Protein chains: 2
Amino acid sequence: MTTLRHARSVPLADVTIDDEFWNSRLERNREVSLEYQYDHLETTGCLENFRRAATVLNGRADDRGGFQGIWFADSDAYKWLEAASYVLARRDEPELRRRVDEVIDLVAAAQDDDGYLNTYFVLEEPGKRWTNLNTMHELYCGGHLIEAAVAHHWATGERDLLEVAIRFADHIDSIFGDEIDGVPGHQGIELALVKLARATDEDRYVDLARYFVDLRGRDDRLARELERIDELAGYESDEEGIAAGARDIFYEDGAYDGSYAQAHAPVLEQTSVEGHSVRAMYFFAGIAEVAAETDDEELLAHLEHLWESMTERRTYVTGGIGSSAYGERFTEDYDLPNDTAYAETCAAIGSVFWNQRLFELTGNARYADLIEWTLYNAVLVGMSQDGTEFFYDNRLESDGDHHREGWFECACCPPNVARLLASLGEYLYAVGSEEAQLYVNQYVGSSATVEVAGSAVDITQTAELPWGGDVSLEIDVAVPTEFGISLRVPSWCTDAAVRVNGEERALDIEPEPGTGRWTADYVTLEREWDDDRIEVSFEQSVVPIRAHPAVEANAGRIALTRGPLVYCLEAVDNDRPLHQYLIGPESASTADTTYRDDLLRGTVVLEGEAMAPDFEDWDDDLYLPATETNRVAAPFIAIPHFLWDNRAPGEMAVWLRED
Amino acid sequence: MTTLRHARSVPLADVTIDDEFWNSRLERNREVSLEYQYDHLETTGCLENFRRAATVLNGRADDRGGFQGIWFADSDAYKWLEAASYVLARRDEPELRRRVDEVIDLVAAAQDDDGYLNTYFVLEEPGKRWTNLNTMHELYCGGHLIEAAVAHHWATGERDLLEVAIRFADHIDSIFGDEIDGVPGHQGIELALVKLARATDEDRYVDLARYFVDLRGRDDRLARELERIDELAGYESDEEGIAAGARDIFYEDGAYDGSYAQAHAPVLEQTSVEGHSVRAMYFFAGIAEVAAETDDEELLAHLEHLWESMTERRTYVTGGIGSSAYGERFTEDYDLPNDTAYAETCAAIGSVFWNQRLFELTGNARYADLIEWTLYNAVLVGMSQDGTEFFYDNRLESDGDHHREGWFECACCPPNVARLLASLGEYLYAVGSEEAQLYVNQYVGSSATVEVAGSAVDITQTAELPWGGDVSLEIDVAVPTEFGISLRVPSWCTDAAVRVNGEERALDIEPEPGTGRWTADYVTLEREWDDDRIEVSFEQSVVPIRAHPAVEANAGRIALTRGPLVYCLEAVDNDRPLHQYLIGPESASTADTTYRDDLLRGTVVLEGEAMAPDFEDWDDDLYLPATETNRVAAPFIAIPHFLWDNRAPGEMAVWLRED
């Protein structure tokens, strides 16, 4: 264990979630979404690609047809395997296990003798492996393979998929830094390799990850590739011209600019989060692991700086990131348009991965706080209530034309949501690496057994979140032991109270409702723990939020939040076009908050009174002197943003005009 | 004279403008813009096209090169001729006259023996005349030829260009309704033919105009053409594919929809203004003339209905029209985006033409009122202060990227502005057709001699507009005569006073600052006029305006107006990004109004106090509770919208966030 790792999350296998809010969602993920997604892997040809590749590799025939779907579709199968593995880590599901084993067999059979594994290349361009790192995503797919393999190994103890991953990783290791110097156009492999290193206890995978991190922004291979893109893989075979078109996205003002893939400068010289937001998040999560494994404090400090550059200037109020559909990327500071917000679901998921590692490395509550906020507001929104429709990109304002879809040609998001939900247990608790300390990061009903200061500690948590702020924790230690329990005081709570065994404890921090988002802190309860009960109340008020004055899209607007949730107005609940509601901050803060179990399978709605133009004034006029027009009271209903687009289609807005 | 024409405008030749605001603008138009535009006609090949066409027609050669510029560029030359003729109507300018005569010679020489005249077809597709009425604009060019010819004849008494126009009109008359049934894709010929009828006293040109009006929306020729567009003129020769691409714009959801060219239904069945806004305006102006000449009250009533559908739901606060760059067209009711506003300069000019005829037919002041508003706010903005740069489309909000340009491939706007400015005198006065009444429609310093009730009346007007509201009129009648003088009380004035020979006269109408825009009325002074002086004061206050609640772009915003001017904020005058200014209506109405002769060659600016976010609150936060953020006073300066983009490039906004 390195000195740089402040805490280690309690692994999934040791946590059992039992939570009123989450149970049904995890069940739907397990029982509907995984099945639904498996069906799509089959119908879109993703699994068939593995079968065909195996046939070709066996030299039997290549007349069974070519590759189907998007060229990096292998990764969808891997993400599904990873999600399914997390389910298997917690539950015995024989049918799912059988299906997982089948898919693993398909994957294994599609691996070439030298360890290479990518069905697109086997089926379409066998001679052009590793020629187009920018676009063709062999390393990205390899990363997902490794992550799936590690998850499967941890979940089941089995090594079949792990061996496949090791062989591919070893093959990559034999190529990169040797035959080829280069980095992936789409990151992901860095994080995966560190996971593999831990699963196998092989440091050389850390070295390879470090190689990819260190080389990025220093070599000119990506630029050189683009100069002769017409000779490379993906150029001719791709009928939609994606591989060729991808070149444009790397060029700014006619010259190569690697920022789209965070390759514009060495990591330590990057001063802001740039480019494709999913790549950035996967990369930064990988860097965090590399920093941890190599005790690189400078790298860690720089990551924290990048986190600040993101959260202080380039993050939607939902926690979503990436403002522009073009390049699925970060743009400029304070450029956060609502109706064209991209805020890809995968980017939010990647942000969770990165924040989890930043928490582990630093013990800073702000990272766990942003995980909570992102989960509720930027990840959950990515899946419909029935678990079968998905948002790839997420608007914060819609004229009614933006809707979840059943699947995507680039189907990265659905299995990504599935794997995150299936691994939710990983995010709840952590144990200090050096200090005798138990962190409670997420308030989700659950039980866990963890070792703190040499003692086995049983924790049982109940939590009202997100609808309420009361949490209780039962602590049961086999042998009474002294350690600290650190409770995250969420940035959203407007007051907090903690009792231990019924006795009020003074907080060593003050909840500061006046502070910005995601600026949480821990309150640490130190004592000899035995058989104790902690009760916490985090006050949830309706807090209207303003955005930084430089955010043009939100000038003169407020967003409504309550507890960890961002709210929105949706047409189906409100009579008028949404732009007509003018909501005063005071009026917003006193909105009624009611839990309605008849609505959206149960939700707290905000019911308040806005002002709106009085149509009586208007007759046939298009313009009138302001003095001649009046406003009337107009009741409004707001729902949590993550629940929008689950009923009749229509307008939606997070940022509301302020009265 | 038909009974349907309520009044006749006093013609240009009888009006001499002498006005502090307009003199320099008209001089610049005459001495800079006309010369500048002539040079562009030469350098872009527009005039050379006529020379080449003449060579081809003389059978001498076709090796002098093909057609240059956009296929309907002939019309630019005609509009320039028309503008120059209006100048010659008022002033003896030998150099200009020589140049006009030269251009007329070029035009005449390019006319075919049968009267046909279109240099594109002569040079490029001689066999495909009249095959593509949708796109190829032979009739549109013909209309501009006729208008130029009539203007030149009226201005100079000469008939050379008029004879060319007559021959082409006769040729058109021999083709349409005979060899071909069809209507122009781009209207304009209708209005021109009625002008020609009046210039020649030939009713058959009215009949031909009526034919084009009546057939529109009843035949399926435009639709049928599009089905075989690849056989038609313009399809192959046009390397940019415009003729082919034009098809898309006529198709809505895969099927032909003539609304782009107001051909979706017979005129009387059109219930809203639709489609390409310049076509609509030219068409409606032509219909008004046809209605007048054919005593068609139903048609006139319907035009007034269409006017209401435009001004009540589809007009920018500047008077600009046409919301969408795609199709340069009207879109839907209340769809008036600011930062993508199209509001083509030519459409505003067309609106002036239409409104002038609606006034003449009805005597309703609202039409003259909209002319004034449109002139100041939607036409003048189209030309830079130095007369050599032009807006084709006009934003009401710009991030700093929208600027006037020196010329356009489709150069319709520059000579259109020129011909309107050169004919400004036509819009000032009118005389009742039946009643003994003199209308004063526009407050522009000027003198005119008009016949009212059989007497010659000399009028001398001085006016402070647009910077002030004081107007004086000296009336001098040879023989004392009883008649009414009707003064338009502008919709913008917040109070009005009229004195005759120093004696206050009660107004028979009340200025109603509470009414919408463009809802003016006349105050009529009846007496025996001899040698009298009328003094009028129209109060100009700063009036903040709200838009109809259904206009989403303007929700929570106000626009500042004073007198006939719409104001805007421009970056060069204001420290902060414009979205940060929050302006309260009360604070706006009390803004200081100062005439600054050091600024923009003299202008009244509004200097007021807005509120703006206090950056002290913000440190590194991106989102804060509304209660924790404050506002500070922020002075602002607003300038007339028509003057924007004459200094340092930067942001501009008409609609300001309301505090």
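The values are calculated or read from the model by the stated rules, or taken from the named source; none is laboratory data. Fair warning: this is a prediction, and the values are worked out from it, not measured in the lab. So basically every Cβ, Gly included, is an ideal-geometry build from the backbone, and we count neighbours across all protein chains shown. The protein model used for the area step is the full one, side chains on, heavy atoms only, and it has no ligands, DNA or RNA in it. Shrake-Rupley method; radii C 1.70, N 1.55, O 1.52, S 1.80 Å.
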Exercise for the section: Working carefully through the options A:E147, A:E138, A:E93, find the one that is surrounded by fewer than 20 Cβ atoms within 10 Å (Cβ to Cβ) and not aliphatic (A, V, I, L, M). Expected result: A:E93
Problem - Selected residue (criterion: least open to solvent (accessible area, probe 1.4 Å)) from residues of segment A:518-556 that are in contact with a Ser or Thr (Cβ under 6 Å, 6 or more places away or on another chain) and acidic (D, E) - result: A:E535
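Name the one entry in B:W644, B:W655 that is touching a residue at least 40 places away in the same chain (Cβ under 8 Å) and in contact with a Lys or Arg (Cβ under 6 Å, 6 or more places away or on another chain).
When all the criteria are applied, what remains is B:W655.
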Handout entry: Of the criteria (1) of a type in the set (S, T, Y); (2) assigned to a loop (DSSP other than H, G, I, E, B); (3) open to solvent by 40 Å² or more (accessible area, probe 1.4 Å), which one A:Y211 fails
Key = (2)
Exercise for the section: Find all pairs meeting these conditions: Cβ atoms under 8 angstrom apart; at least six residues apart or on different chains; first residue within segment B:135-157 and assigned to a loop (DSSP other than H, G, I, E, B); second residue of a type in the set (F, W, Y) and open to solvent by 10 Å² or more (accessible area, probe 1.4 Å). Expected result: B:M136/B:W71; B:M136/B:F72; B:M136/B:Y120; B:H137/B:W71; B:H137/B:F72
Handout entry: Residue check, A:E607 under 31 Å from the mean Cα position of the chain (by Cα), of a type outside the set (A, V, I, L, M, F, W, C) and modelled with pLDDT under 95
Key = no
Problem - Among the candidates A:Y581, A:Y567, residue that is of a type in the set (S, T, Y) and either more than 32 Å from the chain's Cα centre (by Cα) or under 30 Å from B:E308 (Cα atoms) (or both) - result: A:Y581
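Kindly evaluate A:R30 against the criterion of being basic (K, R) and over 21 Å from the mean Cα position of the chain (by Cα).
Here the answer is no, as A:R30 does not meet what is asked.
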Fill in the blank from the handout: Note on segment A:189-198: residues among the aliphatic types (A, V, I, L, M) and either within 10 Å of A:E147 (Cβ to Cβ) or in contact with a Phe, Trp or Tyr (Cβ under 6 Å, 6 or more places away or on another chain) (or both) are A:I189, A:L191, A:A192, A:L193, A:L196, A:A197
Exercise for the section: Keeping to segment B:602-629, report how many residues are facing another protein chain (nearest Cβ under 10 Å) and either open to solvent by 10 Å² or more (accessible area, probe 1.4 Å) or of a type in the set (S, T, Y) (or both). Expected result: 11
Handout entry: Filter pass, A:R488 being within 14 Å of chain B (Cβ to nearest Cβ) and under 27 Å from A:V605 (Cα atoms)
Key = no
Completion exercise
Residues in segment B:334-383 that are at positive phi and either open to solvent by 10 Å² or more (accessible area, probe 1.4 Å) or not assigned by TED's automatic domain parsing to the domain that holds B:A418 (or both) total 2
Fill in the blank from the handout: Among strands (runs of 3 or more DSSP E) entirely within segment B:425-493, at least 1 residues that are open to solvent by 40 Å² or more (accessible area, probe 1.4 Å) occur in B:446-452, B:455-463, B:470-489
Exercise for the section: Among residues belonging to segment A:570-580 that are touching an Asp or Glu at 6+ places or on another chain (Cβ under 8 Å) and of a type outside the set (D, E, K, R), point out the one that is farthest from the other protein chains (Cβ to nearest Cβ). Expected result: A:A571
Fill in the blank from the handout: Residue pairs within 6 Å by beta carbon, gap of at least six or interchain, first lying in segment A:505-526 and more than 17 Å from A:E312 (Cα to Cα) and within 14 Å of chain B (Cβ to nearest Cβ), second modelled with pLDDT of 65 or more and part of a loop (DSSP other than H, G, I, E, B), listed first then second, are A:P511/A:C493; A:P511/A:D495; A:P513/A:T494
Exercise for the section: Please state which of the following conditions B:D160 fails to meet, knowing it meets all the rest: (1) modelled with pLDDT of 95 or more; (2) in contact with a Leu (Cβ under 9 Å, 6 or more places away or on another chain). Expected result: (2)
Practice task
Please verify whether segment A:539-551 includes one or more residues that are touching an Asp or Glu at 6+ places or on another chain (Cβ under 6 Å), over 30 Å from A:Y439 (Cβ atoms) and touching a residue at least 60 places away in the same chain (Cβ under 8 Å).
Solution key: no
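Got at least one residue in segment A:581-599 being buried (at least 22 other Cβ atoms within 10 Å of the Cβ), within 14 Å of chain B (Cβ to nearest Cβ) and among the β-branched types (V, I, T)? I'd like the intermediate steps shown before the answer.
First, the residues of segment A:581-599 that are buried (at least 22 other Cβ atoms within 10 Å of the Cβ): A:581, A:583, A:588, A:591.
Now restrict to residues that are within 14 Å of chain B (Cβ to nearest Cβ): A:581, A:583, A:588, A:591.
When the remaining residues are screened for being among the β-branched types (V, I, T), the result is A:583.
So far as segment A:581-599 goes, yes, one or more of its residues are buried (at least 22 other Cβ atoms within 10 Å of the Cβ), within 14 Å of chain B (Cβ to nearest Cβ) and among the β-branched types (V, I, T).
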Handout entry: So B:R419, is it basic (K, R), open to solvent by 10 Å² or more (accessible area, probe 1.4 Å) and farther than 22 Å from B:R5 by Cα
Key = no
Fill in the blank from the handout: Going through segment A:391-416 in order, the residues found to be open to solvent by less than 20 Å² (accessible area, probe 1.4 Å) and more than 18 Å from A:E42 (Cα to Cα) are A:F391, A:N394, A:L396, A:S398, A:G400, A:R404
Fill in the blank from the handout: If you go through B:A559, B:A638, B:A633, the only one that is modelled with pLDDT of 95 or more and open to solvent by 30 Å² or more (accessible area, probe 1.4 Å) is B:A633
Exercise for the section: Tell me, yes or no, whether segment B:632-645 has at least one residue that is of a type in the set (D, E), more than 8 Å from every other protein chain (Cβ to nearest Cβ) and touching a His at 6+ places or on another chain (Cβ under 7 Å). Expected result: yes
Handout entry: Condition met for B:P564 (within 14 Å of chain A (Cβ to nearest Cβ) and either open to solvent by 10 Å² or more (accessible area, probe 1.4 Å) or within 12 Å of B:L656 (Cβ to Cβ) (or both))
Key = no
Practice task
Only residues that are among the acidic types (D, E) and within 28 Å of the chain's Cα centre (by Cα): list them for segment B:201-226, please.
Solution key: B:D201, B:E202, B:D203, B:D207, B:D214
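Please state which one of B:D296, B:D369, B:D393 is of a type outside the set (A, V, I, L, M) and within 14 Å of chain A (Cβ to nearest Cβ).
The conditions single out B:D369.
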Practice task
State yes or no: is A:I287 more than 14 Å from chain B (Cβ to nearest Cβ) and either under 25 Å from A:S398 (Cβ atoms) or at pLDDT 95 or above (or both)?
Solution key: yes
Problem - Number of the exception - A:R159 against (1) farther than 18 Å from A:C46 by Cα; (2) crowded, with 23+ Cβ neighbours inside 10 Å - result: (2)
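Answer yes or no as to whether B:L569 is touching a Leu at 6+ places or on another chain (Cβ under 8 Å) and open to solvent by less than 10 Å² (accessible area, probe 1.4 Å).
So B:L569 passes the test.
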